[in-house]
Amino acid sequence: MAERLADCGWKRHISDQLKLRDRVQRQTFEEIVQQYNRLLEKSDLQAVLTERYQTDKYDVQRGHEASSLDSSRSDSLHQEMSQMRIRHQEELTELHKKRGELAQTVIELNNQIQQKDREIQSNEARMLEYQQQIASLEGDCRDLRSSLQELEMANQTLKDEYDALQITFSALEEKLRKTSEDNQELVSRWMAEKALEANRLNAENEKDTRRRQAKLQKDLAEAAKEPLPIEQDDDIEVLAEDGGKGAGETSPNRPIGRTLSRKTSQQPQAGLLDSISNIFGRRSANSFGTSPETAETPSGGCAEVRVPTTALHVFEAHDGEVNTVRFSPSSRLLATGGMDRRVKLWEVVSGRCEAKGALTGSNAGITSIDFDSSGSYLLGASNDFASRIWTMDDYRLRHTLTGHSGKVLSARFLLDNARIVSGSYDRTLKLWDLRSKVCMKTVFAGSSCNDIVCTEQCVMSGHFDKKVRFWDIRAESIVQEMELQGRVTSLDLNHDRSELLTCSRDDVLKIIDLRSNAVRQTFSAQGFKCGADWTRVTFSPDGNFVAGGSADGALYIWNVLTGKLDRTLDRNHSSAINCVSWSPSGTFVASVEKGSRAILWSDM
């Protein structure tokens, strides 16, 4: 309707302009047309007069011939006619002159009219062009208005999110203040209790010391009643021995009182140290009351790693995409998780994977799998905003941990096996206590968390905003963060947890030395391309190799010692590889793809 009104408007405008031009030009030429009409009338009058004069001339000639008597009258008439002819000739000449001038004026006016017509055509063409430009600009204006509305909506959304974050920040700040006050109060009470305990121990030690001194005085008094014969030379020899050997040795010929006094001076000190150690709970391998037999010995070296060369078993693992794969600590079981909402267990027997069972209970696809250190429990993260724990002896679902508001993309056991940490698309990390089955802490990371690994007191998380963040579990704060060149898809630790392997969407793998917090090595290869935001890579058990799957279905293995690509295994996967896992025994490597296929690799 608006376009129709616009078309009628410009047509009416052109019609009005044409009428105005007609009026202006008609007024300009009206006088010329009137003069031209008068000129034509005079020309017609001249033609009539000329005919009349010719007729009169013929009549006069005939009259002259008929009557010679009227010669005088004829002469006068002839003169009159001559004069009239001259006058008429002059008028005719003047009229021709005016006619020529008027014709020239008409030609000039016609030229002007043509020029004006050309100008009108040019103006109409420009007007049409301008109208097209106006239509285009109106379309651009509509697009800009729609974009402006979208931007205003996005701005409003961001403002709402900012307000929500501000409210959350204020609440967390208030919680932090209250927690700090409670902590300060608890520390004060704790210090007061420790002071009371120390005073009590000091009082007991003083009582014990006085009791021992009283007993010593009694023993000395009884010993003084029975003097022993001691030679002077022997006494000097005993004193010399005591000065050379120290407080712990006495001579057989030395008086017993000196030996007892030295023993009693050491016993209260040992008791005080034991008491303080018990108060603060500090027990080390070299502390009092700890024997070398009870100290925990470090584990031995890693098993020999066999770099895979052959696909031993290619099998259909799930009904749909397979997201994750992981070996059990014993390397005997292989677990896979897929979009069919199941965790499937496979027993590795003679280079083949035999189906052993399936873990159910998830309402959406499985995104991450982790075993505890004993292999008794399996932790699975899911797209239904929850994490679940199954027992491996009866395949039963034991715990369901809910609280995230987005997909849980990664979940890991801590080293104590009593807590887990999960990272979600909702940009938070949560610490869960398995004994109470509740969330202990929630940390806002600021970006979607794609993967997590843990040390004893530190959690490392890889995020969509290209950053790797290091969290102190005890302080709920970021210790450090490191920015990579692409979105972080995977994290993995070597066997001694001193190096961190990262994979990012810029198709680069990096090893970060956790002792110096610096990138130690970078791996890339022609043809290697990270296929998804959750593409997982892995260290070998000895940390000398890293393995990762590419979007073209090829498995790439790099040598950490040389920093070069060791080998590429292809022609087995039909789609992008999502996850790779190296068995703790070092014998097998498993890989899964966006299709339904899983492959067991080795060098057999």
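The values are calculated or read from the model by the stated rules, or taken from the named source; none is laboratory data. Predicted model only: the values in this text are computed from it and were never measured. FYI the Cβ positions are ideal-geometry reconstructions off the backbone, even for glycines, and counts take in every protein chain you see. All accessible areas refer to the heavy atoms of the entire protein, side chains included, with ligands and DNA or RNA removed. Shrake-Rupley method; radii C 1.70, N 1.55, O 1.52, S 1.80 Å.
Select from segment 432-465 those trypsin sites (Lys or Arg not before Pro) which occupy a DSSP coil region and have at most 12 other Cβ atoms within 10 Å, ordered by residue number. Those that pass, being in a loop and sparsely packed, are ARG435, LYS437. Inter-label distance, GLU30 to GLU91: 2.9 nm, where each label sits 7 Å from its Cα along the C-beta direction. Each of THR168, THR535 has its accessible area taken with a 1.4 Å probe; listed largest first, they run THR168, THR535. Distance between the 7 Å Cα→Cβ label points at ALA355 and TYR395: 1.0 nm. Provide the gained length on full extension for the span SER330 to HIS495, in nm with one decimal, where the gain is 0.36 nm per separating residue minus the Cα-Cα distance. Length difference between fully extended and current span is 57.9 nm. Assign one of three labels to segment 415-500, namely rounded, prolate or oblate, based on the Cα gyration tensor with a ≥ b ≥ c the square roots of its eigenvalues; rounded applies when a/c is under 1.5, prolate when it is not and a/b is larger than b/c, and oblate otherwise. Taking the square roots of the gyration eigenvalues as a ≥ b ≥ c, segment 415-500 is oblate. For ALA386, the amide hydrogen comes within under 5 Å of the amide hydrogens of VAL408, counting only partners 5 or more places away or on other chains and with H modelled in the peptide plane. Note on segment 1-57: dipole from Cβ charges, positive end direction compared against THR28, TRP10, LEU45; the farthest Cα belongs to TRP10. Taking Cβ atoms as reference points and 12 Å as the exclusive limit, the residues near TRP346 contribute a net charge of +2, counting Lys and Arg as +1 and Asp and Glu as -1.
Averaged per residue, what accessible area in Å² does segment 324-443 show with a 1.4 Å probe, protein chains only?
Details: 4870 Å² over 120 residues.
That works out to 41 Å² for each residue.
Compared with the rule-of-thumb size 2.2 N^0.38 Å for a compact globular protein, segment 530-604 has a Cα radius of gyration ratio of 1.02.
Across the options THR336, THR400, GLY446, the greatest Cα extent toward the positive end of the charge dipole of segment 328-470 (unit charges at beta carbon of Lys, Arg, Asp, Glu) belongs to GLY446. About its Cα centre, segment 83-130 has a charge dipole of approximately 280 debye under the convention of +1 per Lys or Arg Cβ and -1 per Asp or Glu Cβ, with nothing else charged.
Computed about the Cα centre, the dipole magnitude for segment 350-502 is approximately 400 debye when only Lys and Arg (+1) and Asp and Glu (-1) carry charge, each at its Cβ.
If R0 is 56 Å, the Cβ-Cβ spacing of TRP10 and TYR58 corresponds to a FRET efficiency of close to 0.25. Here are some pairs, LYS467/LYS594; LYS510/LYS594; LYS437/LYS529; LYS430/LYS466; LYS467/LYS564; which of them have Cα atoms lying more than 29 Å apart in this structure? Where the Cα-Cα span goes over 29 Å, the pairs concerned are LYS437/LYS529. Were the residues from ASN559 through ARG474 laid out at 0.36 nm apart, the gain over their Cα-Cα distance would be 27.0 nm. Among 501-508, 309-316, 197-204, sorting by the average number of other beta carbon atoms lying within 10 angstrom of each residue, highest first, gives 501-508, 309-316, 197-204.
Rolling a 1.4 angstrom probe over the protein heavy atoms with all chains in place gives segment 469-535 an accessible area of 46 Å² per residue.
Only protein heavy atoms count here; on that basis, with a 1.4 Å probe, TRP534 has an accessible area of about 100 Å².
Here r is the Cβ-Cβ distance between ASN110 and CYS141 and R0 is 51 Å; the resulting FRET efficiency, rounded to 0.05, is 0.70. Rounded to the nearest 0.05, the FRET efficiency derived from the C-beta distance between ASP570 and LEU172 at R0 = 45 Å is 0.35.
Leaving ligands, DNA and RNA out of it, report the carbon-plus-sulfur percent of the accessible area of segment 362-432 at a 1.4 Å probe. Solvent-exposed carbon and sulfur of segment 362-432 make up 44 percent of the total.
Would you tally the net charge around GLY423, using a Cβ to Cβ cut-off of less than 11 Å, leaving GLY423 out, and scoring K and R as +1, D and E as -1? It works out to a net charge of +3. Each label point was placed 7 Å from the Cα along the Cα-to-Cβ direction; for GLN457 and ASN183 their separation is 1.3 nm. Note on segment 22-176: with neighbouring protein chains present and a 1.4 Å probe, carbon and sulfur make up 53 percent of its accessible heavy-atom surface.
Applying the Karplus relation 6.51 cos²θ - 1.76 cosθ + 1.60 with θ = phi - 60° to segment 558-563 yields 3J(HN,Hα) values of 10, 8, 5, 5, 9, x Hz, where x marks Gly and Pro.
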